[in-house]
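Novice: Once you've had a glance at the structure underneath, I'll fire off some questions.
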Amino acid sequence: MDLGFEGRRAVIVGGSYGIGEASAEILLREGADVLIASRSRDNLRAASERLVAATGRAPAVFVADVVADAEAATELAAEARQRWGALDVLISAVGGSVRADFADLTDEDWLGSYHFNVLSTVRVVRAGVSLLEQGRAPAIVTLGAAAAKMPYAHQVMTNVHKAGLLGLVKTLALELGPKGIRINSVGPGRTKTSLWINRASRMAAERGVPIAEIFEEFSQEIPLKRFAEAPEVAVMVAWLASPLASYVTGQAINVDGGIARGLV
């Protein structure tokens, strides 16, 4: 299926692993020029090698820690401007979750989660808007979480901050729509990325059981009875970023195997 990415210019923040990397692979296959950004130069190098092997095309890479460095997103936008002069697609795949009881969380924990899950995306979008205004059918996609619509126990910071991202997307759809810029969010459910693999590995070691047993346990709440693979989520990211989704904006679409039980 032709998603209409031929010749389009895309920046993917958090593009060196997981759903961000899987999204980069789709866009490269579809003919887009892609720049992936990450805080780790080593991760970027490894991801670039994997992407070349998978698609025959190399992404541009840029080291940017948009969580810890307030200027990193501005520097990333300057790189995209110098390279292309404009931007058609901006994907923010930054964020994650922490399992902890509410009573154990400090102010520093809350602020760290806010920077990781909300402010990072705010910085990326703010820096990229002027480039998107010069683009063709420009689109923004943020990565949220199914937890924004169905809070999980022991993940209160993630529940609060991912829900905050939905407020950001809804508000920016109103503000950016008149400029021709669409913005949407994808909410992954339980997905076999490094976050869950590391978490399951720790739990398996603590219990003295195979890691497969942990994944099986946490799959029981999912109607499809399995975790997603990153490419299954990336397909939705790519579609929302594509011209095929030209009348979709301000939406938060879960790709969660049905785990979120709410009607909206």
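The values are calculated or read from the model by the stated rules, or taken from the named source; none is laboratory data. In this text, all values refer to a predicted model and were calculated from it rather than measured experimentally. Every residue, glycine among them, receives a Cβ derived from its backbone with ideal geometry; neighbour counts consider all protein chains shown.
Novice: Report the residue count in segment 1-23 for those that are more than 19 Å from the chain's Cα centre (by Cα) and free of Cβ contacts under 8 Å to residues at least 60 places away in the same chain.
Specialist: 4
Novice: Within segment 230-264, restricting attention to residues that are in a loop (DSSP other than H, G, I, E, B) and of a type in the set (Gly, Ala, Ser), which residue is farthest from Val34 (Cα to Cα)?
Specialist: Gly262
Novice: Just to be sure I understand, how many residues within segment 82-106 are more than 21 Å from Gly20 (Cβ to Cβ), modelled with pLDDT of 95 or more and not in a loop (DSSP other than H, G, I, E, B)?
Specialist: 4
Novice: How many of the residues in segment 151-180 are not in a helix (DSSP H, G or I) and not aromatic (Phe, Trp, Tyr)?
Specialist: Going through segment 151-180 one residue at a time, the tally reaches 5.
Novice: Output the qualifying pairs, or none if there are none: Cβ atoms under 8 angstrom, residues six or more apart or on different chains, first residue in segment 49-69 and free of Cβ contacts under 8 Å to residues at least 24 places away in the same chain, second residue in a loop (DSSP other than H, G, I, E, B) and aliphatic (A, V, I, L, M).
Specialist: Val52/Ala58
Novice: Quick check on segment 86-104. Is at least one of its residues of a type in the set (Phe, Trp, Tyr), buried (at least 16 other Cβ atoms within 10 Å of the Cβ) and assigned by TED's automatic domain parsing to the domain that holds Ser185?
Specialist: Checking segment 86-104: not a single residue is of a type in the set (Phe, Trp, Tyr), buried (at least 16 other Cβ atoms within 10 Å of the Cβ) and assigned by TED's automatic domain parsing to the domain that holds Ser185.
Novice: Being in the same structural domain as Ala127 (by TED's automatic domain parsing) and under 22 Å from Ile197 (Cα atoms) is the requirement here; does Ala47 meet it? Don't jump to the end; show me each part of the working.
Specialist: Values: in the same structural domain as Ala127 (by TED's automatic domain parsing): yes; under 22 Å from Ile197 (Cα atoms): yes.
Here the answer is yes, as Ala47 does meet what is asked.
Novice: Answer with yes or no whether Val264 is surrounded by fewer than 13 Cβ atoms within 10 Å (Cβ to Cβ), more than 17 Å from the chain's Cα centre (by Cα) and either under 30 Å from Leu3 (Cα atoms) or of a type in the set (Phe, Trp, Tyr) (or both).
Specialist: Details: surrounded by fewer than 13 Cβ atoms within 10 Å (Cβ to Cβ): yes; more than 17 Å from the chain's Cα centre (by Cα): yes; either under 30 Å from Leu3 (Cα atoms) or of a type in the set (Phe, Trp, Tyr) (or both): yes.
So Val264 passes the test.
Novice: Go through segment 20-71 and report how many residues are on the phi > 0 side of the Ramachandran plot and surrounded by 14 or more Cβ atoms within 10 Å (Cβ to Cβ). Show your work before the answer.
Specialist: We begin by selecting, within segment 20-71, every residue on the phi > 0 side of the Ramachandran plot; these are 31, 56.
Subsequent filtering for residues that are surrounded by 14 or more Cβ atoms within 10 Å (Cβ to Cβ) retains 31.
Within segment 20-71, residues that are on the phi > 0 side of the Ramachandran plot and surrounded by 14 or more Cβ atoms within 10 Å (Cβ to Cβ) number 1.
Each row is one residue, and each column tells you yes or no for (1) over 21 Å from Met236 (Cα atoms); (2) among the small types (Gly, Ala, Ser).
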site: Ala72; (1), (2): yes, yes
site: Ala77; (1), (2): yes, yes
site: Gln82; (1), (2): yes, no
site: Trp110; (1), (2): yes, no
site: His115; (1), (2): yes, no
site: Val124; (1), (2): no, no
site: Lys162; (1), (2): no, no
site: Lys170; (1), (2): no, no
site: Gly180; (1), (2): no, yes
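Novice: Which of the residues spanning segment 120-168 are touching an Asp or Glu at 6+ places or on another chain (Cβ under 6 Å) and surrounded by 17 or more Cβ atoms within 10 Å (Cβ to Cβ)?
Specialist: Gly135, Pro138, Ala146
Novice: Additional query: Answer yes or no as to whether Val156 is touching a residue at least 24 places away in the same chain (Cβ under 8 Å), farther than 22 Å from Ala10 by Cα and of a type in the set (A, V, I, L, M, F, W, C).
Specialist: Yes: the conditions hold for Val156.
Novice: Considering only residues of segment 211-229 that are part of a loop (DSSP other than H, G, I, E, B) and modelled with pLDDT of 95 or more, which is surrounded by the most Cβ atoms within 10 Å (Cβ to Cβ)?
Specialist: Once the filter is applied, the top-ranked residue is Phe227.
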